[in-house]
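The values are calculated or read from the model by the stated rules, or taken from the named source; none is laboratory data. The structure displayed is predicted, hence computed values, not measured ones. Quick reminder, even Gly has a Cβ in these numbers, built from the backbone with ideal geometry, and neighbours come from all protein chains shown.
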Amino acid sequence: MSNDILNDLAYRKPITLRVYFKNIYDAIRTTLKGMSITIKYVYGVKPVTLEYPEVREELPANSRSRLFNDVENCISCMQCSAACPVDCIYISAVRREKEAPALKTKNGQAIRLDLTQYTIDTALCCYCGLCTTVCPTECLTHTQDYEFSQYTLDNMKYDYLDPQVRTWRNRLIKN
Amino acid sequence: MHSLNEEKLKTELLTVNMGPQHPATHGVLRVEIKTDGEIVAQAIPHLGYLHRCMEKHSENLDYRGVIPFCDRMDYLASMSMELGYVLAVEKMLGTEVPRRAQYIRTLVCELQRIASHLMFFGTYAIDLGAFSPFLYAFQDREIILRIFEELSGVRLLYNYIWIGGVWNDINDDQLKRIKEFCITMSESLKKYHSLVGENKIFIERTRSIGVITKDLAFEYGATGPLLRGAGVKWDLRKDRTYSIYNEFDFDIPVGSGEKGTLGDCWDRYYVRMQEMHESIKIIQQCLDGIEEGAIIGKVPKNIKLPKGEIYQRTECPRGELGYHLISDGNKKPYRLKVKSSCFTHVSMLPDIAPGLMIADLVASIGSVDIVLGEVDR
């Protein structure tokens with residue numbers, strides 16, 4: 001078996017002296033040509049790399065980064081959790097009592113259910129944006145926030161009813 | 001005495017694992033190679049390290065929810081991946097796609113083809129020992145990714161092409177930037193080719209290496225640049241046209257065996273470089289012809305496909321991608337089978353590899369340009 005393979009290498013024919021020197025000449029000529037292009041890059045092209053911790057990039061306006069739910073406008077319709085392809089949104093809600101004062105969302109829809117839990121497992125989330133497009137009150141949005149690494153997986157679960165998480169609103173939502 | 005010497009000189013093949021964490025295999029591909037010295041006697045690819053059950057997953061998702069999973073197959077050409085699936089669903093649904101949406105789709109798919117081939121160009125140069133072309137290619141790729149980021153919101157896994165149209169509209173500023181990009185790109189492509197493709201060392205490393213003949217390509221059903229590199233003029237965009245590709249004027253570059261044998265690594269490299277020029281042509285025609293109008297057609301909120309099945313194939317940067325979609329009349333696909341070109345191409349390795357040096361095997365794998373996400377799905 002091994003002999004057959006060695007015979008296959010026979011396509012490397014012996015070369016003449018002329019071809020030998022032409023090969024050397026070609027190699028030097030084309031390499032110099034490449035080097036001249038590289039030197040142009042050294043002196044002619046401005047650096048494009050952002051030096052990250054010092055320079056922070058502003059993401060485009062419709063960038064799909066960390067999810068934020070403005071729970072005050074949420075009507076618990078569960079459309080986001082139904083649309084989610086990886087099932088990472090956990091919602092539970094109870095019927096709002098009749099005696100309680102009537103609440104309305106920003107765009108005038110009556111809130112008939114009280115949220116008791118609204119959690120998104122950001123570690124599972126695939127940032128596809130399908131949940132934000134079905135949201136009728138536009139309370140669930142993608143933000144431009146991209147620095148949210150955590151030490152444990154559990155910390156990636158965001159409970160948007162948590163008062164601390166709610167304070168993000170001022171920072172994330174403009175208007 | 002004679003027989004004793006022969007006994008002593010007997011050689012054995014040495015089994016070496018290349019991968020799964022080998023940088024030259026472009027992902028998690030393990031190639032089990034039996035070597036005779038430095039020469040490969042046998043190469044067996046082992047797949048499945050990146051299997052994510054995409055086909056089974058999609059049976060439990062609604063038709064819109066499958067699109068993000070399509071992205072994750074070939075993560076370097078997500079737009080092209082989406083297009084095939086979306087076309088299949090639209091054909092079954094009978095949706096009319098607005099003209100503007102079709103233009104935007106063509107635009108992003110061709111930009112994606114350039115981005116993907118630039119990635120090939122860069123990584124292939126790294127495989128063969130040249131590092132700086134990779135950085136130059138990424139500079140240009142960054143411009144495309146930035147435009148995609150503004151259009152869809154993310155850089156790689158877009159979920160941008162939706163059933164019935166596209167998600168966001170493209171604005172004049174972005175169109176202008178694409179126009180400028182086309183001009184600079186066709187110049188820098190020539191520069192890249194003289195930097196890498198015409199280099200004597202590169203030619204010596206790639207010519208007559210990893211030859212895929214026409215017969216071998218037909219036998220396995222190879223598509224895309226592999227088939228065109230073997231000298232077959234076959235491009236689905238022209239021969240089985242879809243979307244609005246029939247309105248554009250472009251050529252199909254084929255390999256000619258200019259530097260060595262027909263269908264060698266250099267031919268495949270050159271076909272890809274030429275394809276980028278053709279993509280630029282299509283983009284420029286797109287920019288001239290783009291119309292005002294809606295970007296998404298009338299699609300019901302809950303998509304229910306009629307009973308039946310469809311096979312839709314599209315030309316992706318790496319070859320032909322086919323979606324076989326079976327519907328039983330419910331909200332979810334009954335079965336979604338994906339025919340990926342990379343799987344076909346990686347299966348050709350046992351036939352390409354014997355007789356190559358190990359370093360040439362790396363060059364062959366690089367020139368086939370596989371993405372393991374698409375191989376394993």
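I need a count of the residues in the range A:157-171 that are closer than 17 Å to A:D121 by Cα and part of a loop (DSSP other than H, G, I, E, B).
3
State which residue pairs qualify: first residue within 12 Å of chain B (Cβ to nearest Cβ) and inside the range A:36-61, second residue aromatic (F, W, Y) and surrounded by 10 or more Cβ atoms within 10 Å (Cβ to Cβ) in any location, beta carbons under 9 Å apart, and separation of 6 or more residues or different chains.
A:I37/B:Y136; A:I37/B:Y192; A:T38/B:Y136; A:Y41/B:Y136; A:V45/B:Y136; A:V48/B:F138; A:E57/A:Y146; A:L59/A:Y146
Mind checking which residues of the range A:118-134 are more than 11 Å from chain B (Cβ to nearest Cβ) and either more than 24 Å from A:A100 (Cβ to Cβ) or modelled with pLDDT under 85 (or both)?
Residues satisfying the conditions are A:I120, A:D121, A:T122, A:A123, A:L124.
Pick from A:A102, A:A123: which is closer than 28 Å to A:K157 by Cα, touching a strand residue (DSSP E or B) at 6+ places or on another chain (Cβ under 8 Å) and either part of a loop (DSSP other than H, G, I, E, B) or not assigned by TED's automatic domain parsing to the domain that holds A:R166 (or both)?
Criteria check complete, one pass: A:A123.
Considering only the range B:318-337, state which residues are outside any strand (DSSP E or B), of a type outside the set (S, T, Y) and farther than 29 Å from B:H26 by Cβ.
B:D328, B:G329, B:N330, B:K331, B:K332, B:P333
Every residue in the range A:126-137 that is more than 24 Å from A:V94 (Cα to Cα) and either aliphatic (A, V, I, L, M) or part of a strand (DSSP E or B) (or both), please.
A:L130
If the requirement is being within 19 Å of the chain's Cα centre (by Cα) and exposed (fewer than 13 other Cβ atoms within 10 Å of the Cβ), which of these qualifies: A:E54, A:E58, A:E99?
A:E58
Assess whether B:I282 counts as being in contact (Cβ under 8 Å) with a residue 12 or more places away in the chain, within 27 Å of B:I144 (Cα to Cα) and either β-branched (V, I, T) or in a loop (DSSP other than H, G, I, E, B) (or both).
Answer is yes for this residue.
Output the residues belonging to the range B:202-218 that are within 13 Å of chain A (Cβ to nearest Cβ) and without any contact (Cβ under 8 Å) to a residue 24 or more places away in the chain.
Residue satisfying the conditions is B:E204 alone.
Say whether the condition of being modelled with pLDDT of 85 or more and touching a Gly at 6+ places or on another chain (Cβ under 9 Å) is met by at least one residue in the range B:15-26.
So far as the range B:15-26 goes, no, none of its residues is modelled with pLDDT of 85 or more and touching a Gly at 6+ places or on another chain (Cβ under 9 Å).
Can you tell me which condition B:E275 does not meet? The list is (1) part of a loop (DSSP other than H, G, I, E, B); (2) under 16 Å from the mean Cα position of the chain (by Cα), and all the others hold.
Evaluating B:E275 over (1) part of a loop (DSSP other than H, G, I, E, B); (2) under 16 Å from the mean Cα position of the chain (by Cα) leaves (1) as the failure.
Restricting attention to the range A:139-165, which residues are farther than 19 Å from A:S92 by Cβ and touching a residue at least 60 places away in the same chain (Cβ under 8 Å)?
Hits for the range A:139-165 are A:T141, A:H142, A:T143, A:Q144, A:D145, A:Y146, A:F148.
Can you work out which of the residues in the range B:147-157 that are without any contact (Cβ under 8 Å) to a residue 60 or more places away in the chain and part of a helix (DSSP H, G or I) is nearest to A:T133 (Cα to Cα)?
Going through the qualifying residues, I end up with B:S152.
Is it the case that the range B:307-323 has a residue that's surrounded by 21 or more Cβ atoms within 10 Å (Cβ to Cβ) and among the acidic types (D, E)?
yes
For the range A:48-62, indicate whether the set of residues that are within 22 Å of B:V154 (Cα to Cα), in the same structural domain as A:T141 (by TED's automatic domain parsing), at pLDDT 85 or above and not in a strand (DSSP E or B) is non-empty.
No, because not a single residue in the range A:48-62 is within 22 Å of B:V154 (Cα to Cα), in the same structural domain as A:T141 (by TED's automatic domain parsing), at pLDDT 85 or above and not in a strand (DSSP E or B).
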